[in-house]
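Data first, discussion second: the structure below is written as structure tokens.
The values are calculated or read from the model by the stated rules, or taken from the named source; none is laboratory data. These numbers come from a predicted model, not from an experiment. Cβ sites come from the backbone with ideal geometry, for glycine too, and all protein chains shown count toward neighbours. Heavy atoms of the whole protein, side chains included, go into the accessibility calculation; ligands, DNA and RNA do not. Shrake-Rupley method; radii C 1.70, N 1.55, O 1.52, S 1.80 Å.
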Amino acid sequence: MTEQTWKVHKFGGSSLYDASCFRRVADIITAQPGERIAVIVSAMGGMTDRLLRLVNHAERDDRAFIAELQELGERHADAVRELLDGDARVQLLDQWSQDERDLREILTSIAAVKSASQSNRDVVAGYGELWSARLLAAYLAKRNGGTGGRWLDARNVITVRNGELGPAVVWPESQRRFDAALKDFGKGTVVVTGFIASDEEGRQTTLGRNGSDFSAAIVAALASADELTIWTDVDGVMSGDPNRVPEAQIIRTLTYNEAMELAYFGAKVLHPQTLGPVVENNIPVLIRNTFAPDHPGSRIAAAVVEGENIKGITAVDGMALINLEGTGMIGVPGTADRLFGALKTAGVSVTLISQASSEHSICIAVPEKLSAQAQRVITEAFADELAGGQIQRIEVANGQSIIAVVGDNMAGTPGVAGRFFGTLGRAGINVRAIAQGSSERNISAVVDSADATRALRAVHSGFYLSAKTLSIGLIGPGVVGATLLDQFERRGAGLRDEFNLDLRVRGIARSTHMLLGARRIGLTDWREQLAGSTQEFDLEALLDHIDADHMPHAVIIDCTSSDRIASQYAEWLERGIHVITPNKKAFSGTQKYYSEMLDAARQGNSHLLYETTVGAALPIISTLRGLLDTGDHIHSIRGILSGTLAYLFNVYDGSRPFSGIVRDARQSGYTEPDPRDDLSGMDVARKLTILARELGRPLEIGEFPVQNLIPEALRELSTEEFLDALAAYDDEIDAMYQSARADGKVLRYVANLSADGEAAVGLQQVSADDALAHINLTDNIVQFVTDRYSENPLVVQGPGAGPAVTAGGVFADLLRLAGYLGASH
């Protein structure tokens with residue numbers, strides 16, 4: 001007959017806070033597989049602290065302990081009455097009455113001498129676990145027809161010996177007692193008290209803070225369990241402190257060594273001592289959430305399937321850095337021994353050591369609260385060397401934090417340290433000291449505590465989010481901006497699933513107000529969210545939110561036509577924020593500002609993408625750059641760069657007045673609300689200026705002719721007055737059209753740029769066999785004549801306007817940016 005194996009589950013105080021929590025725990029236990037289950041329990045949440053407070057009251061002879069003891073009794077009794085009935089309820093309430101008398105007697109004796117022995121403290125503190133174990137066992141018996149109604153007092157099983165490193169288990173005696181206590185136990189569940197144990201003389205003691213986890217590991221080892229599950233109030237071991245790193249993730253699998261490193265450096269789920277018994281017996285540990293039992297949690301084992309190089313980023317705060325420096329230390333053996341010997345005598349624990357290879361200095365990190373004491377004992381130990389000048393200084397820097405990256409797979413992997421310190425450098429964080437163990441499992445850096453959270457976020461994003469997560473702020477959710485957000489909503493999930501590319505829209509702003517999302521803005525109803533937002537538009541607040549420390553890359557998409565917004569690009573780029581925009585103002589403004597933007601992008605290691613400033617989604621700028629970058633020589637650029645003007649002169653055939661076509665085009669949405677914005681030719685002039693600058697020609701608007709199709713007398717009228725008055729000038733357009741027609745040509749509004757920078761914009765008569773004569777209604781077309789494309793010019797043609805097309809072009813720029821930053825798509 002095969003021996004039945006054990007599975008061990010431990011529930012902490014947050015999991016057993018009240019009656020509803022006990023019900024949840026019972027549900028979890030009942031659903032667990034396994035014929036033999038041991039459940040280790042802590043006291044109800046907060047109960048141990050309250051019990052120890054009773055001792056503090058008694059030591060002051062403060063009779064408040066009497067009333068507070070009654071409060072604790074009522075809390076326990078309320079849970080008993082809610083969960084149990086009949087004899088079971090009576091039995092537990094009677095047991096509480098006996099415990100209350102015993103506690104009152106102990107506390108009264110403490111009050112008499114105004115001092116509590118450690119033994120008294122241990123006895124009082126351990127009652128919480130007794131109450132939890134009895135109650136859970138009785139409730140399981142009620143639910144399961146008696147199965148699971150057994151509870152085991154760990155004081156009768158676990159025997160420990162207290163030493164310098166804390167309680168150590170006396171394994172042979174504990175094993176004998178465990179086997180004897182459960183020799184007649186078959187199938188079912190036994191509930192075991194956590195935290196408490198006995199010493200070799202049989203006196204009650206405790207296993208210290210986090211002792212219930214240690215109890216669970218001890219029981220798992222004694223039972224040769226298949227696995228140990230620690231149930232808590234988080235989903236597992238996190239890659240960072242979620243209170244400081246919003247993007248912290250659950251670590252699915254990690255080794256014992258990784259878990260112990262993370263625990264030592266501040267991870268709250270485990271205490272390093274907890275893992276000792278399970279490591280020795282190779283028992284896997286699961287960390288799961290009582291309040292989300294369907295979540296798989298984290299699995300800790302001797303070895304795991306190879307995963308990320310870095311498993312977690314954590315920090316130890318409240319540290320001080322002490323630097324012992326002197327030329328007399330070089331080549332002198334025993335210096336470190338004297339240093340650490342003095343610290344040991346003073347009871348000062350050293351957390352980190354960093355020594356220069358020259359032996360000129362030794363740097364250590366100690367708890368800040370002990371820094372003055374450490375400085376004093378070191379000064380005393382090296383008094384003669386300080387007096388004689390062999391040691392120059394002993395410096396202390398308080399307010400330090402240790403940032404550590406942990407992972408078994410860092411060993412032998414080139415570039416991990418470079419990435420760690422490079423990330424800190426890019427975040428502007430100064431590193432005061434560095435340490436790495438020979439196992440390469442941990443790399444630590446000491447930074448100012450004021451920078452610790454920023455450092456944690458920056459390093460976490462560098463290793464966990466990488467270049468595949470972009471924090472996006474969109475300014476101007478008008479026609480194009482709104483269409484772009486809708487495109488994100490439709491394609492976002494696919495990009496995450498197919499390419500692990502996470503485009504997080506975290507801010508949407510218009511001129512009056514804005515919407516910010518902590519992690520991301522849900523795009524299915526962004527219009528309603530934005531309409532309901534009461535946060536006023538604040539450009540600096542938007543930038544700070546988008547350019548958050550915990551996000552690896554920040555992107556601003558400007559879908560406005562605002563000069564004010566465009567004038568900020570250089571500042572954003574220098575700050576390291578990437579910019580994508582269809583707004584032509586910054587690129588066709590002064591040559592000075594255009595140059596400043598490019599310099600700022602280089603200084604900030606940021607990208608500026610603006611393909612859609614010319615031809616919407618048509619690859620006009622990228623084609624030009626491709627020709628230049630591959631060494632082709634451009635002779636001329638010629639084209640139709642306005643979808644509106646292309647439409648007007650495609651439709652006009654002399655049969656209808658030009659003014660009527662303009663009015664119809666406006667009503668159909670082919671022009672700007674004021675058609676003069678198109679008819680002035682300035683939009684085309686801006687686009688030609690952008691192309692000239694891409695060609696390396698410092699062209700300024702005003703330095704080349706631009707034909708304005710708005711009669712001078714109509715330029716100051718209202719829009720409606722202009723539309724009405726335009727009819728008086730229909731004959732001028734018709735005369736130009738008839739002249740072109742007589743020569744077998746058509747009218748087109750054309751932009752021309754030569755290699756030497758000569759430029760012009762205006763109406764031209766174009767021959768019927770010219771590529772510019774054969775375009776669809778609103779097409780843009782650009783013709784490149786180059787060394788390679790001389791006899792047969794290179795032509796880029798297609799829709800050059802429209803919200804869907806323009807938004808698609810901006811989206812393409814964003815994906816291009818993701819590619820530059822390392823995402824594969």
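If you go through the range 804-823 and keep only what is assigned to a helix (DSSP H, G or I), open to solvent by 40 Å² or more (accessible area, probe 1.4 Å) and at pLDDT below 90, you end up with just TYR820.
The range 514-569 holds helices (runs of 4 or more DSSP H) entirely within its bounds, and those carrying 2 or more residues that are of a type in the set (Gly, Ala, Ser) map to 526-532.
Do we have any residue at all in the range 445-452 that's farther than 30 Å from ASP317 by Cβ, part of a strand (DSSP E or B), modelled with pLDDT under 95 and open to solvent by less than 30 Å² (accessible area, probe 1.4 Å)? Scanning the range 445-452 turns up no residue that is farther than 30 Å from ASP317 by Cβ, part of a strand (DSSP E or B), modelled with pLDDT under 95 and open to solvent by less than 30 Å² (accessible area, probe 1.4 Å). In the condition set (1) over 30 Å from ALA570 (Cα atoms); (2) open to solvent by less than 20 Å² (accessible area, probe 1.4 Å); (3) of a type outside the set (Lys, Arg); (4) at pLDDT 95 or above, ALA646 is compliant with all but (4). ASN708 meets all of the listed conditions (1) surrounded by 12 or more Cβ atoms within 10 Å (Cβ to Cβ); (2) not in a loop (DSSP other than H, G, I, E, B) but one, namely (2). Would you be able to say whether some residue in the range 147-155 is part of a helix (DSSP H, G or I) and farther than 17 Å from HIS9 by Cα? Taking every residue of the range 147-155 in turn, at least one turns out to be part of a helix (DSSP H, G or I) and farther than 17 Å from HIS9 by Cα.
Identification of helices (runs of 4 or more DSSP H) wholly contained in the range 199-293 with 3 or more residues that are open to solvent by 40 Å² or more (accessible area, probe 1.4 Å) and in contact with a helix residue (DSSP H, G or I) (Cβ under 7 Å, 6 or more places away or on another chain) yields 256-264.
Residues that are free of Cβ contacts under 8 Å to residues at least 60 places away in the same chain and either hydroxyl-bearing (Ser, Thr, Tyr) or over 28 Å from SER444 (Cα atoms) (or both) occur at least once in the range 247-256. For the range 466-499, the tally of residues that are open to solvent by less than 50 Å² (accessible area, probe 1.4 Å), under 30 Å from GLU536 (Cβ atoms) and part of a helix (DSSP H, G or I) stands at 10. Taking the condition closer than 23 Å to VAL805 by Cα and surrounded by 14 or more Cβ atoms within 10 Å (Cβ to Cβ), does ALA548 pass? No, not satisfied.
Does LYS311 satisfy being open to solvent by 30 Å² or more (accessible area, probe 1.4 Å) and either within 30 Å of GLY517 (Cβ to Cβ) or modelled with pLDDT under 90 (or both)?
No.
If you scan the range 386-395, which residues turn out to be outside any strand (DSSP E or B), open to solvent by less than 50 Å² (accessible area, probe 1.4 Å) and touching a helix residue (DSSP H, G or I) at 6+ places or on another chain (Cβ under 6 Å)?
ILE391, the sole residue that qualifies.
Scan the range 144-158 for residues that are at pLDDT 90 or above, in contact with a helix residue (DSSP H, G or I) (Cβ under 8 Å, 6 or more places away or on another chain) and open to solvent by 40 Å² or more (accessible area, probe 1.4 Å) and the total you get is 3. Of the residues ASN398, ASN409, the single one that is in contact with an Asp or Glu (Cβ under 7 Å, 6 or more places away or on another chain), closer than 22 Å to GLY347 by Cα and open to solvent by 30 Å² or more (accessible area, probe 1.4 Å) is ASN398.
Scanning the range 748-762 for residues that are free of Cβ contacts under 8 Å to residues at least 60 places away in the same chain and either over 27 Å from GLU732 (Cβ atoms) or out of contact with any Pro (no Cβ under 8 Å at 6 or more places or on another chain) (or both) yields a total of 2. Do we have any residue at all in the range 729-742 that's surrounded by 14 or more Cβ atoms within 10 Å (Cβ to Cβ), farther than 15 Å from LEU641 by Cβ, out of contact with any Pro (no Cβ under 9 Å at 6 or more places or on another chain) and in contact (Cβ under 8 Å) with a residue 60 or more places away in the chain? For the range 729-742, residues surrounded by 14 or more Cβ atoms within 10 Å (Cβ to Cβ), farther than 15 Å from LEU641 by Cβ, out of contact with any Pro (no Cβ under 9 Å at 6 or more places or on another chain) and in contact (Cβ under 8 Å) with a residue 60 or more places away in the chain: present. Of the candidates ILE781, ILE775, the single residue that is at pLDDT 95 or above and buried (at least 18 other Cβ atoms within 10 Å of the Cβ) is ILE781. Pairing residues of the range 334-345 that are assigned to a helix (DSSP H, G or I) with residues that are polar (S, T, N, Q), at Cβ distances under 9 Å and at least 6 apart in sequence or on separate chains, gives ALA336/GLN355; LEU343/SER349.
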